[in-house]
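Remarks on the structure that follows.
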Amino acid sequence: MRDTVTSLISNYDTTGRYLDRAAMESLQSYFTTGADRVKVAAIISANAAEISREAGKRLFEEVPELLRPGGNAYTTRRYAACLRDMDYYLRYSTYALVAGNNDVLMERVLQGLRETYNSLGVPIAPTVKGIQIMKEMVKDKAAEAGITETAFIDQPFDFISREVSEVSI
Ligand code: CYC
């Protein structure tokens, strides 16, 4: 599992280089967004249940057939599995935001996920939609809390979306 600092050091160490201007810029950008990363993590933690529940509600409003017989979220067991998955994505995104690195997502969330989803018939497009709804909710809450530059919040949510669907969004 890596963060911005450890992954950068590891890259430079492999080739025996001193930190150069590009390294400094990368570190600078991580540290200047650092306080905001922690703030966003706190916002998510305090609102996690609401965010995943509300995002699920919006997703099912947009794609109601998921909940009908034959839909992948039909039956309370699968409905609950869906909300649980949304909660996983949200929680691991928080870790990746604080780390400034998506390694944790690859390692703990995404390995084998597409295959699992395919074998269970879990549809990818609505999953991505759910993740994107959560992203927008988090960005709105961050903006409400006075964070002006919220673009860094996209990173883990878009990374999961890309990896799970293998299409660029
Ligand atoms: C199932 N989601 C699963 C399963 C896994 C995950 C492993 C199969 C085993 C199980 O049912 O628990 C995902 N497990 C994870 C992840 C981690 C993990 C990400 C890393 C922490 O340990 N269905 C929909 C929606 C979508 C959905 C679009 C919600 C956004 O229609 C999700 N995932 C969904 C559903 C199932 C599932 C319904 C149950 C499918 C079934 O058993 O038929």
Residue within region 146-153 that is among the acidic types (Asp, Glu), assigned to a helix (DSSP H, G or I) and more than 9 Å from the ligand (Cβ to nearest atom) present: no
Flag for Glu50 being modelled with pLDDT of 95 or more, away from the ligand (no atom under 13 Å from the Cβ), surrounded by fewer than 17 Cβ atoms within 10 Å (Cβ to Cβ) and more than 14 Å from the chain's Cα centre (by Cα): yes
Helices (runs of 4 or more DSSP H) wholly inside region 1-106 containing at least 2 residues that are over 30 Å from Tyr117 (Cα atoms) and touching a His at 6+ places or on another chain (Cβ under 9 Å): none
Of all residues making up region 80-111, the number that are more than 26 Å from Lys57 (Cβ to Cβ) and more than 8 Å from the ligand (Cβ to nearest atom): 10
Inter-residue pairs, beta-carbon under 7 Å, first hydroxyl-bearing (Ser, Thr, Tyr) and in region 128-153, second assigned to a helix (DSSP H, G or I) and surrounded by fewer than 17 Cβ atoms within 10 Å (Cβ to Cβ), 6+ apart: Thr150/Ala143
Region 126-140, subset within 8 Å of the ligand (Cβ to nearest atom) and not β-branched (Val, Ile, Thr), residue surrounded by the most Cβ atoms within 10 Å (Cβ to Cβ): Gly130
Test result for Ala143, of a type in the set (A, V, I, L, M, F, W, C), surrounded by fewer than 19 Cβ atoms within 10 Å (Cβ to Cβ) and either within 15 Å of the ligand (Cβ to nearest atom) or closer than 22 Å to Asp3 by Cβ (or both): no
Candidate set: region 61-79, residues that are aliphatic (A, V, I, L, M), near the ligand (Cβ under 8 Å from one of its atoms) and under 13 Å from Val122 (Cα atoms); chosen: the one surrounded by the fewest Cβ atoms within 10 Å (Cβ to Cβ): Leu66
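The values are calculated or read from the model by the stated rules, or taken from the named source; none is laboratory data. These numbers were taken from a predicted model, which means no experiment stands behind them. Positions of Cβ are backbone-derived with ideal geometry, glycine not excepted, and every protein chain shown enters the neighbour counts.
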